[in-house]
Amino acid sequence: KSALDRRASPDTDVVLGQGDGNLANFLWDRTRVRIVDFEDSGSSDRAFELAILVEHISAWSDASLDAEAFLGLFELTSAEKSRLRELRRLTALFWLILLRPHGPASGRNPPGTLQSQARRLLALLG
């Protein structure tokens with residue numbers, strides 16, 4: 001089975017996840033981060049939460065988040081790193097599908113976002 005087919009392994013901690021990586025859901029006052037919008041929250045794992053955060057379109061298109069530098073701040077197990085890599089690819093593909101012509105996210109984003117997302121996915125697959 002691939003890492004996407006497996007449930008969290010014994011060395012992966014179950015956490016309360018926020019479930020929506022939109023950076024607008026994270027309020028930072030330069031001291032603390034406050035999280036809002038728990039509509040999609042529930043049991044999760046760190047790899048999933050980090051993947052949806054760094055691959056959310058708001059992270060790279062609006063905020064220019066350096067995903068690698070950000071992810072480097074976390075001490076992840078080798079299992080989490082592997083799962084994170086696969087989940088980032090899956091999340092990037094999800095956004096590519098949403099951004100397709102006439103897709104649910106196509107009209108809400110600037111021209112060229114679909115092409116940028118395709119390049120992002122290709123880089124993650126490379």
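Points worth noting:
- Contact map, segment 67-79: first residue farther than 8 Å from Leu50 by Cβ, second residue modelled with pLDDT under 95 and surrounded by fewer than 12 Cβ atoms within 10 Å (Cβ to Cβ), Cβ cut-off under 6 Å, separation 6 or more or different chains; pairs are Thr77/Asp11; Ala79/Asp11.
- Criterion (crowded, with 20+ Cβ neighbours inside 10 Å and farther than 21 Å from Asn25 by Cα) met by exactly one of Arg119, Arg83, Arg89, Arg100: Arg83
- Once segment 26-42 is narrowed to residues that are part of a loop (DSSP other than H, G, I, E, B), under 17 Å from the mean Cα position of the chain (by Cα) and not β-branched (Val, Ile, Thr), the residue that is surrounded by the fewest Cβ atoms within 10 Å (Cβ to Cβ) is Glu39.
- For segment 55-66, the count of residues that are in a loop (DSSP other than H, G, I, E, B), modelled with pLDDT of 85 or more and farther than 24 Å from Leu125 by Cβ is zero.
- Selected residue (only one of Ala51, Ala69 is among the aliphatic types (A, V, I, L, M), on the phi < 0 side of the Ramachandran plot, surrounded by fewer than 19 Cβ atoms within 10 Å (Cβ to Cβ) and modelled with pLDDT of 95 or more): Ala69
The values are calculated or read from the model by the stated rules, or taken from the named source; none is laboratory data. Source: prediction; values computed, not measured. Heads up, the Cβs are rebuilt from the backbone with ideal geometry, glycines too, and the neighbour counts pull from every protein chain shown.
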